[in-house]
Amino acid sequence: MKVNELSKQQLTKLKESYLSDLVNEGTFAEVLGVDHDEPSYTDLANVNDLVSDEFLMSYYEGVEFTEDDFYL
């Protein structure tokens, strides 16, 4: 399935995964404009405010996902 076919819950998991990718790249603080290098509990609780659906749609355009990509 394409990113625009994901459920709201799957989109939230994908946003959390995106934050983890930023940590692994060492760009979390820079990209989000914060002074910490990995997501706080507050960041995770507000992930839908930090990463927009529109950004995710663009960033993951063309990627095929399966149900196995999401642990719900």
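FYI, it's all coordinate maths here, none of it is from the lab. Quantities reported herein were computed from a predicted structural model and do not represent experimental measurements. A quick note on method: Cβ atoms are made from the backbone with ideal geometry, for glycine too, and the neighbour counts reach across all protein chains shown.
Restricting the search to helices (runs of 4 or more DSSP H) fully inside the chain and requiring at least 3 residues that are exposed (fewer than 14 other Cβ atoms within 10 Å of the Cβ) and of a type in the set (D, E, K, R) gives 8-25. Of all residues assigned to region 1-8, none qualifies as being within 11 Å of the chain's Cα centre (by Cα) and of a type in the set (A, V, I, L, M, F, W, C).
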